[in-house]
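There's a structure below that I have some questions on.
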Amino acid sequence: MKALVTGAAGFIGSHLAERLVDAGVTVVGIDCFTDNYARPLKERNLQRLRQAPRFSLIERPLAEADLPALLDDVTHVFHLAAQPGVRNSWGRDFRVYTVNNVEATQLLLEACIGKPVERVVYASSSSVYGDEVPLPMREDVRPQPVSPYGVTKLAAEQLCYLYHVSHSVPTVSLRYFTVYGPRQRPDMGFARFFSAVTQDRAVPMFGDGRQTRDFTFVADAVTATIAAAMRGKPGGVYNIGGGSRVQLLHVFELIRQVTGRPLRVERLEPQRGDMRDTYADTTRARADLGFAPTVTLEQGLRAQYEWMTAGHD
Ligand code: NAD
C-alpha cells in the first residue's frame, strides 16, 4: 500500500497517517496549514510523523499540487483536508468552505481518473443530515443539512458518488460523528470544555444542554477509515459513530468526574447551524467494514484529558 493523506497535519489526518506508517505503509501527506487554528498545533500533530522515514509531507493547497503526478504510484487516497466547523460557515467566509471542501475535492477526484487507485476514502460528516431525519440516522435517508458547512460536505460526497458512477473512481464516503480524543481541534466542544475547566472559566452551553451527540473516539474513527480503504463498497456511504450518544449535560458530568474539578456553565442561545441531535445507525459499517467501536466515552475523555494535562493544550 502507498497512501496519500490529505489534511495530514490535522487532528484526524495525523492520527490516520501515524497508524498507516506504523503498519509499514508509505504515506505522502499533503496539507497547506490553513488558519482555522494555529500552525504550531498542526506542527505538533506532525511531530512523530516527521521522524518517520516512510512519511513525507507536501506543504501546498490541493489546488496548487501536481495531483496527477502525486497519484502515479498511490494505491489508496484518504481525503481529509477540509475547512471544518459549522458555526463559522455562515456569512462572508463561506468561500473558504467552497474552495477547500468542494473545489479541492473535485480537483482530487478529477486527478484520480484513470489512475490505479484501489480506494478513495472521503471524510464526510454527520452534519449532512440536519434535523429532519429520523433517529438513529441511516445512510439512505434524504440529508438536509442545517449549516453551510454541512452543505459543502454533502456536495463533496455527491461529487465522490458522481466520479464513481461516471469515471469508475472507487470512492467511499464516511460520515464521521463528532470525533474526539488527543489533538482534537481547539474549536471543538471537549477541547473547549477541558480548557475552560482547567483555566477556571465558565463553559458556554448553547441551548438547554439536552441536545445529544454520538461521539467517536479518534482511534475508532481511524480503524474505520482504514477498513473502508480495504473493504468499503465503491460508491458507498457509511456512518461512523462511536455508539456513545449522550446529552451535553451528561458530558459535563463526565468532565467533572474526569477532571475532579467543578464546572461552571454559562447558558447561551442555541447557535445557528448546530444540529439538535446526532445518532448514527452503524449497521452498514458493521456489516461491510467490520466496524465496532472499542472506546467508551469515559475512557476517551480520560485519554483526551491526560493528553491535555501532559502539556498539550
Ligand atoms: P483539521 O482542521 O484538524 O484537519 C484538516 C486539515 O486539512 C488541516 O490541517 C488543514 O490545514 C488542511 N486543509 C484544509 N484545506 C486544505 C487544502 N485545500 N489543501 C491542503 N490542506 C488543506 O480537521 P479534522 O477535525 O481533523 O477533520 C478532518 C476531516 O474530517 C475534515 O474533512 C472534516 O470535515 C471531517 N470531519 C471531522 C469531524 C470531527 O469531529 N473532527 C466530524 C465529521 C467530519
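The values are calculated or read from the model by the stated rules, or taken from the named source; none is laboratory data. The shown structure was predicted, so the numbers you read here are calculated from the model rather than taken from an experiment. Here Cβ is always computed from backbone atoms with ideal geometry, including for glycine, and neighbour counts include all displayed protein chains. All accessible areas refer to the heavy atoms of the entire protein, side chains included, with ligands and DNA or RNA removed. Shrake-Rupley method; radii C 1.70, N 1.55, O 1.52, S 1.80 Å.
Limited to the stretch 1-24, what total is found for residues that are near the ligand (Cβ under 10 Å from one of its atoms) and either at positive phi or touching a Lys or Arg at 6+ places or on another chain (Cβ under 6 Å) (or both)?
Going through the stretch 1-24 one residue at a time, the tally reaches 3.
Just for helices (runs of 4 or more DSSP H) wholly inside the stretch 210-313: which have at least 3 residues that are within 20 Å of S126 (Cα to Cα)?
By residue number, 218-231, 283-289.
Out of the residues in the stretch 105-137 that are in contact with an Asp or Glu (Cβ under 7 Å, 6 or more places away or on another chain) and assigned to a loop (DSSP other than H, G, I, E, B), which is nearest to T223 (Cα to Cα)?
Out of the qualifying residues, it is P136.
Right, something else. Conditions: (1) over 17 Å from the mean Cα position of the chain (by Cα); (2) at pLDDT 95 or above; (3) open to solvent by 20 Å² or more (accessible area, probe 1.4 Å). V251 meets all but one. Number of the miss?
V251 satisfies all of (1) over 17 Å from the mean Cα position of the chain (by Cα); (2) at pLDDT 95 or above; (3) open to solvent by 20 Å² or more (accessible area, probe 1.4 Å) except (3).
Could you list, in sequence order, all residues of the stretch 234-254 that are farther than 19 Å from A3 by Cβ and in contact with a Pro (Cβ under 9 Å, 6 or more places away or on another chain)?
G235, N239, G241, G242, G243, S244, R245
Take the residues in the stretch 198-218 that are open to solvent by 10 Å² or more (accessible area, probe 1.4 Å) and aliphatic (A, V, I, L, M); name whichever of them is modelled with the highest pLDDT.
My answer is A202.
Only one of (1) touching a Lys or Arg at 6+ places or on another chain (Cβ under 6 Å); (2) open to solvent by less than 40 Å² (accessible area, probe 1.4 Å); (3) more than 12 Å from the ligand (Cβ to nearest atom) is not met by V27, so which one is it?
Every condition holds for V27 apart from (1).
Would the stretch 90-104 turn up any residue that is open to solvent by 40 Å² or more (accessible area, probe 1.4 Å), more than 17 Å from K153 (Cα to Cα) and outside any helix (DSSP H, G or I)?
Among the residues of the stretch 90-104, not one is open to solvent by 40 Å² or more (accessible area, probe 1.4 Å), more than 17 Å from K153 (Cα to Cα) and outside any helix (DSSP H, G or I), which makes the answer no.
Check the stretch 176-196 and report whether any residue there is part of a loop (DSSP other than H, G, I, E, B), open to solvent by 20 Å² or more (accessible area, probe 1.4 Å) and among the basic types (K, R).
Looking through the stretch 176-196, at least one residue is part of a loop (DSSP other than H, G, I, E, B), open to solvent by 20 Å² or more (accessible area, probe 1.4 Å) and among the basic types (K, R).
For the stretch 30-51, name all the residues that are in contact with an Asp or Glu (Cβ under 8 Å, 6 or more places away or on another chain), more than 8 Å from the ligand (Cβ to nearest atom) and open to solvent by less than 50 Å² (accessible area, probe 1.4 Å).
Scanning the stretch 30-51 gives a single hit, L49.
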